[in-house]
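Throughout, read-outs are computed from the coordinates displayed, never taken from laboratory work. Quick caveat, the model's predicted, so the values are computed rather than measured. Quick reminder, even Gly has a Cβ in these numbers, built from the backbone with ideal geometry, and neighbours come from all protein chains shown.
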Amino acid sequence: MPQGPSSTKEIPETGLIPKHIAIIMDGNGRWAQTRYMPRIAGHKQGVETVRGVIKACIERNIPYLTLFAFSSENWRRPTEEVTSLMQLFLGALEHEITRLHENGICFKVIGDLSKFEPKIREFIHTGEQLTAENKRLTFTIAANYGGRWDIMQAIRKMMAQSAELPLNFEEENLTQYLALSYAPEPDLFIRTGGEYRISNFLLWQLAYTELYFTDTLWPDFDEHELERAIQSYQQRERRFGCTSEQIQVAG
Ligand code: IPE
Ligand code: IPE
Ligand code: MG
């Protein structure tokens, strides 16, 4: 899969349908707490939302979907919640991979996997291998992911692989090692749950992404909410540093 052009180097081709949607799935805990349920019940319901969003992306011919499931900072949560999240992740991997494969979905996980228990790593590896050739949708889960971690690991890889690299190396020397190098930069970023922050998600890749925030909590996010986000995206004028006039002449 070729990497899309860098949006700070050249103007990427854009269309009405976003090629890549990246989502911070936030608000599971609050969804559960307003129902006097344990936070993990919200995370479980959140998995159902993931199913619906995958289906909606396929129906709209959106080729890339990336979801933030667990940040490098989420280890700071109470042990009980972290343990439950790991169990939920393991269960989802165990039960959903075959279904993803049957639906022609290519499954990938980005993040520092070394912190996960061996069984989780094994399921991820098997799932990625099984679905590697699928073309309908590339579905990426960011797990133990952090934007700064991503940039740091890319620099380390780049330096390890090219000892003679000049100090004035170029963007493309680095970007090939970023965790999402197989995907174009996201066109549309969505954050549910009412917070207006990036929380160390795709720091490099979001340089020119259109941002959409909604108060809807992730377990309540559905196809209609996704449609609303896409409609908002379709009304934006993506200028990439140019003037409005330049964009209109080119378009
Ligand atoms: C997002 O929901 C899921 C994870 C971070 C794992 P939260 O658990 O952050 O839900 P709120 O923000 O506390 O409601
Ligand atoms: C961001 O949500 C991470 C994920 C959705 C996985 P958080 O709920 O952890 O973000 P903060 O802590 O409110 O910024
Ligand atoms: Mg949260």
* **Distance violations [Cα-Cα > 21 Å] among Lys55/Lys115; Lys9/Lys135; Lys19/Lys108; Lys135/Lys157; Lys55/Lys119** => Lys55/Lys115; Lys9/Lys135; Lys135/Lys157; Lys55/Lys119
* To do: Calculate for the chain the 222 nm mean residue ellipticity that helices alone would give, adding -39,500 (n - 2.57) per DSSP H run of length 4 or more and normalising by residue count, nearest 500 deg cm²/dmol.
  => -13000 deg cm²/dmol
* Asked: Relative to the Cα centre, what is the charge dipole magnitude of the chain, using +1 at the beta carbon of each Lys and Arg, -1 at the beta carbon of each Asp and Glu, and rounding to the nearest 20 debye?
  -> 420
* Pick out which of Asn168, Asn144, Asn200 has the largest mean-square fluctuation in a Gaussian network model of the chain, springs linking Cα atoms closer than 10 Å. => Asn168
* Structure fact -> Checked against the positive end of the charge dipole of the stretch 20-231 (+1 on Cβ of Lys and Arg, -1 on Cβ of Asp and Glu, about the Cα centre), the farthest of Ile58, Gly27, Ala183 is Gly27
* To do: Work out how much length Arg51 to Gln129 would gain on full extension: take 0.36 nm times their residue separation and subtract the Cα-Cα distance, in nm to one decimal.
  => 26.0 nm
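Could you list Lys108, Lys9 in order of exposure, starting from the residue whose Cβ has the fewest other Cβ atoms within 10 Å?
With the sparsest Cβ surroundings first, the list reads Lys9, Lys108.
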* **Distance between modelled label sites at Arg30 and Gln234, nm, 7 Å Cα→Cβ extension** => 2.8
* Prolate/oblate/rounded label for the stretch 140-251 (Cα gyration tensor, a/c 1.5) -> oblate
* Structure fact -> Contour minus Cα-Cα span, His224 to Glu80, at 0.36 nm per residue, comes to 48.5 nm
* If you project the alpha carbons of the chain onto their three principal axes, what span does each projection cover, largest first, in Å? -> 54, 46, 35
